Amino acid sequence: MEDAIRESRFLQAMTEVANKVLEAEREHIYDLVMEEAEQFIREFLGSSHDGGAYALWMEISDLYDSPAGPASEEACEKIGRKAAAEWLSVDKSSPNEIDKFFARWQTPEPWQIS
C-alpha cells in the first residue's frame, strides 16, 4: 500500500513541477527546476522513476550552465517547457506510458531545439 501511495504522490509531484515550469517566466525556470528536482530523490526514493525525474530536471538545469553561452537560458526554457508539456500529455494511469516518457528523455531526440 505504501508503494502505491508513493507512486501516486510521485506522479502528482511531477505534474506540479510541469505546471510550474509552464507558468514560469524564462529567467525563473532554472531556479525552479533546481529547487524542485531534489524532492525526487529525497521524498520519492523508491518510486519507479525517482532517478529519472531527478536526472530529467537536473539535465534541464544544466542547459543553463552550458558553455553554449547566451542561448543557454533559452535552451533551459525551451527544453524545460517541452518536457513539462510532454509530461502533462502522458496518461498517468498507464505505467507503460510513464515508462515511455522517461525512456524517451534518455535519448538525444527530445533534447533538440527546433
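The values are calculated or read from the model by the stated rules, or taken from the named source; none is laboratory data. On a predicted model such as this, the values are computed, not experimentally measured, just so you know. Using ideal geometry, Cβ is built from the backbone for each residue, glycine included, and neighbour counts are taken over all protein chains shown. Areas reflect the complete protein model, heavy atoms only, side chains present, ligands, DNA and RNA absent. Shrake-Rupley method; radii C 1.70, N 1.55, O 1.52, S 1.80 Å.
Among the helices (runs of 4 or more DSSP H) contained in region 15-114, which hold 3 or more residues that are among the charged types (D, E, K, R)? Before you say what the answer is, go through the steps one by one.
Details: elements: 26-37, 39-42, 50-64, 72-89, 95-104.
By residue number, 26-37, 50-64, 72-89, 95-104.
Output the qualifying pairs, or none if there are none: Cβ atoms under 8 angstrom, residues six or more apart or on different chains, first residue in region 48-60 and at pLDDT 95 or above, second residue of a type in the set (Val, Ile, Thr) and surrounded by fewer than 17 Cβ atoms within 10 Å (Cβ to Cβ).
That search, which allows pairs on different chains as well, returns TYR54/ILE41.
All but one of (1) open to solvent by less than 70 Å² (accessible area, probe 1.4 Å); (2) in contact with a Ser or Thr (Cβ under 9 Å, 6 or more places away or on another chain) hold for ARG9, so report the exception by its number.
(1)
Name the pairs: first residue in region 101-114 and farther than 14 Å from TRP87 by Cα, second residue modelled with pLDDT under 95 and open to solvent by 50 Å² or more (accessible area, probe 1.4 Å), Cβ to Cβ under 7 Å, at least 6 apart or on different chains?
Matching pairs, first to second residue: ILE113/LYS78.
Please verify whether ALA103 is surrounded by 12 or more Cβ atoms within 10 Å (Cβ to Cβ) and small (Gly, Ala, Ser), treating the condition exactly as stated.
Spelling it out, it is not the case that ALA103 is surrounded by 12 or more Cβ atoms within 10 Å (Cβ to Cβ) and small (Gly, Ala, Ser).
From GLU43, GLU23, which residue is on the phi < 0 side of the Ramachandran plot, open to solvent by 60 Å² or more (accessible area, probe 1.4 Å), at pLDDT 95 or above and not small (Gly, Ala, Ser)?
The match here is GLU23.
When the residues of region 67-94 are narrowed to those that are at pLDDT below 95 and either open to solvent by 40 Å² or more (accessible area, probe 1.4 Å) or charged (D, E, K, R) (or both), which ends up nearest to ALA37 (Cα to Cα)?
Result: GLU77.
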